[in-house]
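Here's the structure we're looking at; comments come further down.
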Amino acid sequence: MKEFLSLVSKPVRYLGQEINSIRKDPSEIRVKFCLAFPDVYEVGMSHLGIQILYHILNGEKGVACERVFSPWVDMEKVLREKKIPLSSLESSTPLHEFDVIGFSLQYELCYTNVLNMLDLSNIPFFSKDRDDRFPLIIAGGPLTFHPAPVADFFDAMVIGDGEEVVLEICHLVSQWKEARGKGARAKKEDLLKSFSQLKGVYVPYYHAKGQEVHKRVVHDINQAPFPICPIVPYMKVVHDRLNIEIARGCKRGCRFCQAGFIHRPYRERNPEVIQQILHPSLKQTGYEELSLLSLSAGDYSLIGPLLSHLMDQYESKKVAVSFPSLRMESVVGRLAEEVKRVRKTGFTIAPEAGTERLRQVINKELDESVLFQGVSDLFAKGWKNIKLYFMVGLPTEKEEDLNGILDLSRKIASLGRKQKIYPNLNVSVSTFVPKPHTPFQWESQIPLEQMEEKLRFLKDGIKRSNLRFKWQDPHLSFLEGIFSMGGRDVSMALVEAHRLGCRFDGWSDQFHFSFWKEAFEKTGLEMDLHTRKKDLEDLLPWSFVKTGMNAEYLWGEYQRGLQGKISPPCLKENCQRCGICEEKVIHIRESDPTEMLASGKAVRKELRKKRIKKKIRLKFKKVGQMRFLSHLELAHLFYRASKRADLPLCFSRGFHPMPRIIFATALPVGMESLMEIVDMEFEGITTSQEVMKRLNQTLPKGVEIIEAKEVPPFFDLSSLPRSSVYWIPLDHLLSKEEAILKIHHVLELKEFSVHQKREGKERRVDVRPLIETMEMKEKSGEDYCWGVELVLRRGTGKTAKPTEIVGAVLGLEGEPLAQLKVIKVE
């Protein structure tokens, strides 16, 4: 795969070699495990579960864990054309050579990507068609709580928390392989039978009708392993920050929310443990932002003291704190004040419904007076970026509830205008999808036509209010509903949809609803069969999966919802409502206030006093696979390397402080350079040689500082030479004589234009004034080759990449041009 990275749009997705990634010695490995995420790299690497399992598995002697993500459509095309199997990031091992491939199932519309990844690995889709020559295909994640739609594809599925059971699976695989190595007639079926004895593991092959599978629960997350040196991607991923799980589960019981029910009971991580994780993690990663993860972070029992303590500790290091979402009552007052001490990260508020009546139906308590007070408080503290999240199609919804979404959004916008703040208010709306193991699992999903009608109504109303409106394509919600509630039969429609070309169905630009209609028609299935209303007596296809809550409790909650009755949150002690805490070993775990270091009384550290500032000019090279980093990715790399090296960077002033790191030029993706220049400003008495030494210890292979010197603060990069020299080897592309003739022809012209595409627009650019010299040269010795030495002037107007100029001069295009090696010499 890595030989053809220049042919794809974002090659950094497939590089591997990230900071803190792990490559083990193959001679010491008994079990080869590959974590597979059926979406692109930047989505998968934002998922905390991947990081946790990666480090648990690699922490086990004899086990090597690697990663693979769904290749984007351009890379898939390359793999199929070149007949290259999909391979892992760490060692480029083809997937079919692993012992176990573990898929993380987070979103129903990624199912076709699972099939595509198997297809690209020459692995049969169905478990029944795979013997012991193929890897074991297993799955985990929230979708395994309803395994039916994809059960035929997997050998085993982990239901619930995976930290403990993943090692138990590896031990069984190791024993099975050892027995086979000694000549025993151990078959795949024997291994699967041993899997079926593990709590929380569903093995479709051995599952008998009526047999229950109980979810796996890690009772005390303080004892669960958590990575202190997570992988740091080179590219900007969806959640580009250090993530720390402060609590698992939720006490609230919103009746639509699957995560809140399947992850019960509620368990908190102690503040002391959180800080023991954060300190080395920030040191090992260099992240400038940390996120306190929980389904409802504001419900964490010591959120105020914890946040205050973290800000005291990290404010001087310019580390910001963010939350995935907050209940508004937790925002009022202290939390917003603490967060703004470094940087105003965005706030997401999820009223879910537009009226108090409908919020009572879904069990979402929200006092509008508290909401308005909280938003006013945010505006007063300078916040502008606020996202509101709503759903349409909820049970008992009326037109007044849709109007309520518009009214609530307008009132919030008007609060900002009254304070002379003109907020960036984003109103995001999705369609309700009934989910298994929730009180609304018996509800129907509204028809596609109604989804479209409701969204049109809101779009028109929002447009007149000058608010920003985002919505999910109702066709996506409709399809999600089918796989949320469907049975084993829909797997055939999945296979047919993949055959027709369905990939990345959650991406609107790749989604083809017509293909899905055709797939269901060809397999003889009704698309809306599974999204109809159900009754308590109906046998649900996921009923054999036991979460600890009985159906009678969920049905009672459903009826309370239809009556508009609120149910209180979980209690810490003597709570018997849902049934999950009846066992003594499972109960609500909240943090003890005495465990909070200084119990919120931490003395705020003095901010770094104003000290002497130094500007250090660094010369560095960027070679090998690192040539595929973009300019922005390179800037992030230097920033985080500086933080890992504990160098005292200077920052700009204002609401969003930025590090004082300025590059002389922006190097195009795919180009190597033997001499790049960057200016970095530091505080204190740091010497240039110390900066070079410490940075080289934290930068990855392929990026190396080769010279460092202090320059006066007023020296800027505009005083540097205005020309750059490039070396382009050509001996494998065309004859030397032909190249010389073409170069001479162009150099004799007064004008020479190249065709460019920039951000979807096309243009012609005269590049002749940019060409200072262009001549054929030879390199002697063992690595003899000939090529072009190109010297380009750096202009202030329209410019062109060296590959564009060389391609136009020599008549190269397509793959030969894309694969052209360009080295910036000086």
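The values are calculated or read from the model by the stated rules, or taken from the named source; none is laboratory data. Quick caveat, the model's predicted, so the values are computed rather than measured. Note that each Cβ is placed from the backbone with ideal geometry, even for glycine, and that neighbours are counted across all protein chains shown. Note: accessible area is taken over every heavy atom of the protein model, side chains too, but ligands, DNA and RNA are not part of it. Shrake-Rupley method; radii C 1.70, N 1.55, O 1.52, S 1.80 Å.
Looking across region 93-120, the residues that are closer than 12 Å to ALA36 by Cα and assigned to a loop (DSSP other than H, G, I, E, B) come down to PHE98, LEU105, GLN106.
For every residue, the table says whether it meets (1) surrounded by fewer than 19 Cβ atoms within 10 Å (Cβ to Cβ); (2) in a helix (DSSP H, G or I); (3) modelled with pLDDT under 95.
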position: LEU192; (1), (2), (3): no, yes, no
position: LYS199; (1), (2), (3): yes, no, no
position: LYS209; (1), (2), (3): yes, no, yes
position: HIS219; (1), (2), (3): yes, no, yes
position: PRO230; (1), (2), (3): no, no, no
position: GLY253; (1), (2), (3): no, no, yes
position: GLN275; (1), (2), (3): yes, yes, yes
position: LEU282; (1), (2), (3): no, yes, no
position: SER291; (1), (2), (3): no, no, yes
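For region 232-249, give me each residue that is open to solvent by less than 20 Å² (accessible area, probe 1.4 Å) and either on the phi < 0 side of the Ramachandran plot or among the charged types (D, E, K, R) (or both). If the condition is that a residue be open to solvent by less than 20 Å² (accessible area, probe 1.4 Å) and either on the phi < 0 side of the Ramachandran plot or among the charged types (D, E, K, R) (or both), then VAL232, PRO233, TYR234, MET235, VAL237, ASP240, LEU242, ILE244, ILE246, ALA247 are the ones that fit.
Pairing residues of region 752-773 that are open to solvent by less than 80 Å² (accessible area, probe 1.4 Å) with residues that are part of a strand (DSSP E or B) and of a type in the set (Ser, Thr, Tyr), at Cβ distances under 8 Å and at least 6 apart in sequence or on separate chains, gives VAL765/SER753; ASP766/SER753; VAL767/SER753. Residues that are within 17 Å of MET671 (Cβ to Cβ) and open to solvent by 70 Å² or more (accessible area, probe 1.4 Å) within region 795-814 comprise just one, LYS801.
Pairing each residue of region 116-129 that is without any contact (Cβ under 8 Å) to a residue 40 or more places away in the chain with any residue that is crowded, with 22+ Cβ neighbours inside 10 Å, provided the two are 6+ apart or on different chains, yields C-beta distances under 6 Å for SER121/LEU86; SER121/LEU95. Of everything in region 646-674, what is in contact with a Gly (Cβ under 9 Å, 6 or more places away or on another chain) and either free of Cβ contacts under 8 Å to residues at least 12 places away in the same chain or surrounded by 18 or more Cβ atoms within 10 Å (Cβ to Cβ) (or both)? Give them in sequence order. Hit for region 646-674 is GLU672, nothing else.
With the structure loaded, tell me whether ALA151 is at pLDDT 95 or above, part of a strand (DSSP E or B) and of a type outside the set (D, E, K, R) or whether it fails that test. When the stated conditions are applied, ALA151 does not pass them. Scanning region 24-54 for residues that are open to solvent by 20 Å² or more (accessible area, probe 1.4 Å), farther than 21 Å from ILE169 by Cβ and modelled with pLDDT of 95 or more turns up just one, VAL43. The condition (being among the aromatic types (Phe, Trp, Tyr), surrounded by 15 or more Cβ atoms within 10 Å (Cβ to Cβ), within 30 Å of PHE372 (Cβ to Cβ) and over 29 Å from the mean Cα position of the chain (by Cα)) is satisfied by just one residue among PHE457, PHE440, PHE469: PHE457. In this structure, is LYS761 within 26 Å of LEU7 (Cα to Cα), touching a Lys or Arg at 6+ places or on another chain (Cβ under 9 Å) and among the basic types (Lys, Arg)? In short, no. Within region 815-826, restricting attention to residues that are aliphatic (A, V, I, L, M) and under 15 Å from GLU672 (Cα atoms), the residue that is most open to solvent (accessible area, probe 1.4 Å) is VAL825.
With respect to (1) out of contact with any Leu (no Cβ under 8 Å at 6 or more places or on another chain); (2) hydroxyl-bearing (Ser, Thr, Tyr); (3) modelled with pLDDT of 90 or more; (4) in a loop (DSSP other than H, G, I, E, B), the lone exception for TYR389 is condition (4).
Listed conditions (1) in contact with a Gly (Cβ under 9 Å, 6 or more places away or on another chain); (2) under 27 Å from HIS263 (Cβ atoms) are all met by PRO142, apart from (1). In region 478-588, counting only helices (runs of 4 or more DSSP H) that sit wholly within it, the ones holding 3 or more residues that are touching a helix residue (DSSP H, G or I) at 6+ places or on another chain (Cβ under 7 Å), over 29 Å from GLY160 (Cα atoms) and open to solvent by 40 Å² or more (accessible area, probe 1.4 Å) span 513-522.
Every condition in (1) part of a loop (DSSP other than H, G, I, E, B); (2) touching a helix residue (DSSP H, G or I) at 6+ places or on another chain (Cβ under 8 Å); (3) of a type in the set (D, E, K, R); (4) over 29 Å from LEU292 (Cβ atoms) holds for GLU76 except the one numbered (1).
Under the condition of being more than 28 Å from the chain's Cα centre (by Cα), of a type in the set (A, V, I, L, M, F, W, C) and surrounded by 18 or more Cβ atoms within 10 Å (Cβ to Cβ), the residues counted in region 675-698 number 5. Assessment of region 359-379 against the conditions (open to solvent by 60 Å² or more (accessible area, probe 1.4 Å), under 25 Å from GLU480 (Cβ atoms), under 30 Å from the mean Cα position of the chain (by Cα) and in contact (Cβ under 8 Å) with a residue 40 or more places away in the chain) yields no matching residue.
Among the residues of region 347-358, the ones that are over 18 Å from PRO568 (Cα atoms) and either out of contact with any helix residue (DSSP H, G or I) (no Cβ under 9 Å at 6 or more places or on another chain) or open to solvent by less than 10 Å² (accessible area, probe 1.4 Å) (or both) come to 5 in all. Could you list, in sequence order, the residues of region 121-148 that are part of a helix (DSSP H, G or I), within 22 Å of ARG67 (Cα to Cα) and out of contact with any strand residue (DSSP E or B) (no Cβ under 8 Å at 6 or more places or on another chain)? PRO142, LEU143 - these are the residues of region 121-148 that are part of a helix (DSSP H, G or I), within 22 Å of ARG67 (Cα to Cα) and out of contact with any strand residue (DSSP E or B) (no Cβ under 8 Å at 6 or more places or on another chain). Total residues in region 774-794 satisfying the condition of being open to solvent by less than 100 Å² (accessible area, probe 1.4 Å), assigned to a loop (DSSP other than H, G, I, E, B) and charged (D, E, K, R): the figure is 1. Checking each residue of region 85-92 against the condition of being over 12 Å from LEU35 (Cα atoms), surrounded by 23 or more Cβ atoms within 10 Å (Cβ to Cβ) and of a type outside the set (Gly, Ala, Ser) gives at least one match. Tallying residues that are acidic (Asp, Glu) and over 26 Å from GLY249 (Cβ atoms) within region 164-221 yields 3.
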